[in-house]
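Beneath this line is the structure, given in structure tokens, with notes to follow.
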Amino acid sequence: MFQLHPYQTELVNEARSELQKGKHAVLIVSPAGSGKSVIIAEIARLTVSKGGHVLFMVHRKELVEQITNSFKKQGVDLRHCTIMTVGKIKNRLGELPKPNLIITDETHHSLAKTYRTIYEYYPQVARLGFTASPWRMNGKGLGAVYDSMILGQSVRWLIDHHYLAPYRYFSINNVNSDQLQKSSTGDFTNNSITEAIGKTIFGDVVENYQKLANNQQAILYAHNVEYSQRYASEFNSHGISAVHCDAKTPAKKRHEIMSDFKAGKIKVLCNVDLVGEGFDVPDVPVVMLLRPTTSLVVHIQQSMRGMRYKPDKTSIIIDQVGNVYRLGLPDDEHHWSLDDWKETAIRIITCQSCFATFHKWKNVDGKRVCPLCGAPAPVEERDYDGTKEQVKAELAELSTKEGRLTLLANKSPKRQRSLWTIYRVLVAQKETNQGNVNYPLARAMHIRLDQTKEISDDELREFAKKSKQSVSAVYYSYRIAKSKHVPKEERKQAWKRKVFNF
């Protein structure tokens with residue numbers, strides 16, 4: 001049997017307590033690599049030991065065997081468990097034993113119709129859901145299927161207490177971001193990623209691996225099969241053993257590849273959406289991100305793949321597509337909620353020649369220029385046609401104190417979803433002389449008031465605790481900000497009156 005860590009035992013007890021209080025559906029949020037399968041297996045064991053039957057749902061067939069093995073190791077009597085993919089369960093409703101508890105892993109998928117059909121078929125059965133990130137690109141919260149949420153320890157806490165490995169994060173944006181187009185799902189289309197990356201990145205990928213990875217094993221995430229195969233070919237041409245693998249690779253061949261990778265015969269495993277959610281792959285110290293994404297779920301799963309704890313291990317994350325600038329570092333704080341959320345911020349670019357602001361650079365003969373004055377955009381590492389510029393940007397380490405501060409300052413405070421995260425961005429902008437920020441706390445409160453109209457007592461107290469300020473001082477600042485706050489719509493109307501009455 002597994003010996004649960006104290007924080008894992010605490011999550012088990014909190015989940016049981018919520019159900020005992022009468023909550024029907026409880027969401028448990030715990031970071032990638034925190035051992036959710038161990039927690040799930042222990043909850044299943046406790047349920048079965050009391051005569052209950054567990055229905056466990058996964059969204060991919062590869063995960064069925066993995067969780068079954070976890071249940072066996074924890075001493076769960078499998079005769080009282082149903083472990084299937086969500087599709088198979090839906091097709092067998094009425095044939096399966098009625099459960100006493102439904103457990104859903106990777107439950108950020110559970111707003112889908114198939115999941116909800118199962119939940120509705122068992123309306124009286126208690127449910128637990130597990131995820132590392134209760135976040136969906138369409139902005140829908142999980143409050144439609146869960147009525148309570150339990151937060152596990154943060155990534156930073158797990159690193160500090162030696163449950164996750166520390167990391168170094170290196171990034172450069174080797175893509176032309178203006179060419180990235182979103183599909184109906186909200187993520188970037190494969191065709192636009194191909195155009196944005198270009199055709200000359202392959203040698204750079206190998207060069208950066210040799211510079212930073214010190215010949216350690218690595219997992220590389222590509223956006224399509226063609227590019228994954230080309231990355232593997234480039235590594236092999238430099239004498240570094242690499243292989244491509246994807247979901248369509250025959251099972252026997254895939255098993256052989258994973259065995260060779262585990263044995264150390266393969267240095268770099270190039271894949272497309274295979275080594276992702278919950279997939280059991282040998283521990284590696286290096287991750288290479290070559291798939292631009294807008295999905296926080298995908299980013300967390302991929303960037304943290306190399307952070308399983310081992311003594312003296314430091315994970316190396318090489319992000320050559322700038323995902324970190326959209327989605328942050330692995331240990332960034334997130335304000336998780338069951339509620340819907342909406343991004344209202346719009347990307348604004350400022351020309352450094354005429355100081356005009358606009359949404360996109362103008363493309364003239366393959367060059368980016370200001371649409372008003374025609375001044376060229378700052379030189380990047382690549383031009384629009386995918387060829388190298390004479391000035392080549394270097395990978396920047398963003399996991400250092402200075403790198404974190406710069407990364408934080410480049411975020412939009414209006415995209416943050418709590419007073420604390422808004423405040424942190426504004427403080428970083430003040431310290432780096434960006435955004436003309438003089439009074440971060442007052443400005444943070446006004447931004448938060450635009451979002452919520454009222455800041456709750458819980459949020460104010462949480463802010464006081466994290467900022468190490470007295471509760472009374474925070475409340476005093478809030479009262480002043482609220483008395484002076486002009487709602488966003490009123491500001492818009494005032495601006496229009498000024499514009500049209502001069």
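The values are calculated or read from the model by the stated rules, or taken from the named source; none is laboratory data. Note that the structure is predicted; figures quoted are calculated from it, not measured. Counting neighbours? That spans all protein chains shown, and the Cβs are built from the backbone with ideal geometry, glycine included. With ligands, DNA and RNA removed, areas are computed over all heavy atoms of the protein, side chains included. Shrake-Rupley method; radii C 1.70, N 1.55, O 1.52, S 1.80 Å.
Return the residues of region 119-146 that are open to solvent by 20 Å² or more (accessible area, probe 1.4 Å), more than 26 Å from residue 185 (Cα to Cα) and in contact (Cβ under 8 Å) with a residue 12 or more places away in the chain; say none if nothing qualifies. If the condition is that a residue be open to solvent by 20 Å² or more (accessible area, probe 1.4 Å), more than 26 Å from residue 185 (Cα to Cα) and in contact (Cβ under 8 Å) with a residue 12 or more places away in the chain, then 121, 126, 127 are the ones that fit. Determine, yes or no, whether residue 200 is open to solvent by less than 30 Å² (accessible area, probe 1.4 Å), at negative phi and over 23 Å from the mean Cα position of the chain (by Cα). For residue 200, the condition - open to solvent by less than 30 Å² (accessible area, probe 1.4 Å), at negative phi and over 23 Å from the mean Cα position of the chain (by Cα) - is not met.
Going by the structure shown, is residue 365 open to solvent by 100 Å² or more (accessible area, probe 1.4 Å) and at pLDDT 70 or above?
On the way: open to solvent by 100 Å² or more (accessible area, probe 1.4 Å): yes; at pLDDT 70 or above: yes.
Spelling it out, residue 365 is indeed open to solvent by 100 Å² or more (accessible area, probe 1.4 Å) and at pLDDT 70 or above.
If the condition is being of a type outside the set (Phe, Trp, Tyr) and open to solvent by 10 Å² or more (accessible area, probe 1.4 Å), then region 303-328 contributes 304, 305, 308, 310, 311, 312, 313, 314, 316, 326, 327.
Going by what's in this entry, would residue 206 be described as open to solvent by less than 10 Å² (accessible area, probe 1.4 Å), of a type in the set (A, V, I, L, M), within 30 Å of residue 239 (Cβ to Cβ) and not in a loop (DSSP other than H, G, I, E, B)?
Details: open to solvent by less than 10 Å² (accessible area, probe 1.4 Å): yes; of a type in the set (A, V, I, L, M): yes; within 30 Å of residue 239 (Cβ to Cβ): yes; not in a loop (DSSP other than H, G, I, E, B): yes.
Yes: the conditions hold for residue 206.
The number of residues in region 69-86 being among the aliphatic types (A, V, I, L, M), open to solvent by less than 40 Å² (accessible area, probe 1.4 Å) and in a helix (DSSP H, G or I) comes to 1.
Every listed requirement among (1) modelled with pLDDT under 90; (2) open to solvent by 60 Å² or more (accessible area, probe 1.4 Å); (3) touching a Ser or Thr at 6+ places or on another chain (Cβ under 9 Å); (4) under 28 Å from residue 156 (Cβ atoms) is met by residue 397 save one, (2). Restricting the first member to region 295-313 and to residues that are farther than 14 Å from residue 106 by Cβ, and the second to residues that are surrounded by fewer than 18 Cβ atoms within 10 Å (Cβ to Cβ) and acidic (Asp, Glu), the beta-carbon pairs closer than 8 Å and six or more apart or on different chains are 306/283; 308/283; 310/283. All conditions but one from (1) touching a Pro at 6+ places or on another chain (Cβ under 6 Å); (2) crowded, with 21+ Cβ neighbours inside 10 Å apply to residue 110; the one that does not is (1).
Restricting the first member to region 437-462 and to residues that are closer than 11 Å to residue 413 by Cβ, and the second to residues that are of a type in the set (Val, Ile, Thr) and not in a loop (DSSP other than H, G, I, E, B), the beta-carbon pairs closer than 6 Å and six or more apart or on different chains are 440/427; 444/422; 447/422; 448/422. Within region 233-277, the set of residues being assigned to a loop (DSSP other than H, G, I, E, B), among the aliphatic types (A, V, I, L, M) and either surrounded by 14 or more Cβ atoms within 10 Å (Cβ to Cβ) or in contact with a helix residue (DSSP H, G or I) (Cβ under 6 Å, 6 or more places away or on another chain) (or both) comprises 240, 266, 274, 275.
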